[in-house]
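Participant: One structure is given below, represented as structure tokens, and several questions about it will come after.
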Amino acid sequence: MSEDVKRGLKAGSAIAPTFVAIFIGVGIAAEVADLPPLAALLSSAAVFAAPAQFAMFDMAMQDHAMLQVISVGVLVNLRFFVMSLTLTNFFATVPRRRIAYWAQFVSASSYLVTFFQSRRNQPVDLFDFYRGVVLMTFTAAMVGTAIGIVIGAGLPALLAFGATLFLPVYFSLLLVGETRGRHEVAAVTIGLLFTPPLEMWVPGWGLFIAAIGAGVIVTAAKR
């Protein structure tokens, strides 16, 4: 194992606990949707994206056709196509076939951590670094899903809903670690505080409304 893979594992370990928490929410959502445990684990391995999985589980609960469920997952995950294209610019010397295999594991976390690393003036093989991050976050995802499946049975509806809020909290914490300006930190804080109540008030739109509100407030403050 190269030193840069180890660096990626170390960087991934910093976000692994919250990554486990996110996928505990996925496991709980799968249990609420009455999916078999194996199907939930395979979902985390194949889809590897909590937002898409939450959307797919929700549609499965509403008895939509499997083609519709899969189509929603694909559409939600299209954002990773852009992330993958960006990462390939950092991996110019890596064979395309090798990149294609590891592209399956692109997530917002692995993308952001690798992107932030590219901005630092350190002699690092970014592809090895990225693989290290992926190994850590993928393991965390599978562990979190398994825990969620185990504890999800019989969980009260309110707690099951609260588990889905791990996602915005996680990204807030991730961005705090990479931002230093008071406006950026203010935006993260606003999102962290207002997303949960807004999500309860307007289900499915809380994170979006909080993001727009934070943007308006910070923009006004800068002026």
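Participant: Identify, from the list V5, V69, V82, V94, the residue that is closer than 26 Å to P123 by Cα and at pLDDT below 75. Walk me through it before giving the result.
Facilitator: Details: V5 fails: at pLDDT below 75; V69 fails: closer than 26 Å to P123 by Cα; V94 fails: at pLDDT below 75.
From the options V5, V69, V82, V94, the qualifying one is V82.
Participant: Just one of the numbered conditions (1) within 16 Å of D4 (Cα to Cα); (2) not in a loop (DSSP other than H, G, I, E, B) is not true of L87; which one?
Facilitator: (1)
Participant: Also, I was wondering about something else. Is it true that some residue in the range 23-31 is at pLDDT 80 or above, more than 18 Å from the chain's Cα centre (by Cα) and surrounded by 17 or more Cβ atoms within 10 Å (Cβ to Cβ)? Break it down into steps so the answer makes sense when it comes.
Facilitator: Going through the range 23-31, the residues at pLDDT 80 or above turn out to be 23-31.
Then drop every residue that is not more than 18 Å from the chain's Cα centre (by Cα), which leaves 31.
In the following step, the residues that additionally are surrounded by 17 or more Cβ atoms within 10 Å (Cβ to Cβ) were identified as 31.
Among the residues of the range 23-31, at least one is at pLDDT 80 or above, more than 18 Å from the chain's Cα centre (by Cα) and surrounded by 17 or more Cβ atoms within 10 Å (Cβ to Cβ), which makes the answer yes.
Participant: Just checking, how many residues over the range 30-57 are of a type in the set (A, V, I, L, M) and not in a helix (DSSP H, G or I)?
Facilitator: At the first step, the residues of the range 30-57 found to be of a type in the set (A, V, I, L, M) are 30, 32-33, 35, 38-42, 45-47, 49-50, 52, 55-56.
Pick out the ones that are also not in a helix (DSSP H, G or I) and you get 33, 35, 47, 49.
Residues in the range 30-57 being of a type in the set (A, V, I, L, M) and not in a helix (DSSP H, G or I): 4 in total.
Participant: Could you figure out which of (1) within 30 Å of R120 (Cβ to Cβ); (2) out of contact with any Asp or Glu (no Cβ under 6 Å at 6 or more places or on another chain) isn't true of I28?
Facilitator: Tallying (1) within 30 Å of R120 (Cβ to Cβ); (2) out of contact with any Asp or Glu (no Cβ under 6 Å at 6 or more places or on another chain), I28 fails exactly one: (1).
Participant: Is one or more of the residues making up the range 132-142 more than 14 Å from E3 (Cβ to Cβ), assigned by TED's automatic domain parsing to the domain that holds Q53, in contact with a helix residue (DSSP H, G or I) (Cβ under 7 Å, 6 or more places away or on another chain) and surrounded by fewer than 22 Cβ atoms within 10 Å (Cβ to Cβ)? Quick ask: steps written out before the conclusion?
Facilitator: To start, the set of residues in the range 132-142 that are more than 14 Å from E3 (Cβ to Cβ) comprises 133-142.
If we keep only those that are assigned by TED's automatic domain parsing to the domain that holds Q53 as well, we get 133-142.
Narrowing further to those that are in contact with a helix residue (DSSP H, G or I) (Cβ under 7 Å, 6 or more places away or on another chain): 133-137, 140-142.
Then keep just the ones that are surrounded by fewer than 22 Cβ atoms within 10 Å (Cβ to Cβ); that gives 135, 142.
Yes; the residues of the range 132-142 include at least one that is more than 14 Å from E3 (Cβ to Cβ), assigned by TED's automatic domain parsing to the domain that holds Q53, in contact with a helix residue (DSSP H, G or I) (Cβ under 7 Å, 6 or more places away or on another chain) and surrounded by fewer than 22 Cβ atoms within 10 Å (Cβ to Cβ).
Participant: Quick one: which of L35, L42 is surrounded by fewer than 19 Cβ atoms within 10 Å (Cβ to Cβ), modelled with pLDDT of 80 or more and either in contact with a His (Cβ under 6 Å, 6 or more places away or on another chain) or not small (G, A, S) (or both)? Working first, answer last.
Facilitator: Values: L35 fails: surrounded by fewer than 19 Cβ atoms within 10 Å (Cβ to Cβ).
That would be L42, the only listed residue that is surrounded by fewer than 19 Cβ atoms within 10 Å (Cβ to Cβ), modelled with pLDDT of 80 or more and either in contact with a His (Cβ under 6 Å, 6 or more places away or on another chain) or not small (G, A, S) (or both).
The values are calculated or read from the model by the stated rules, or taken from the named source; none is laboratory data. Just so it is clear, the model here is predicted, and its values are computed rather than measured. Cβ: placed from backbone, ideal geometry, glycine included. Neighbour counts: every protein chain shown.
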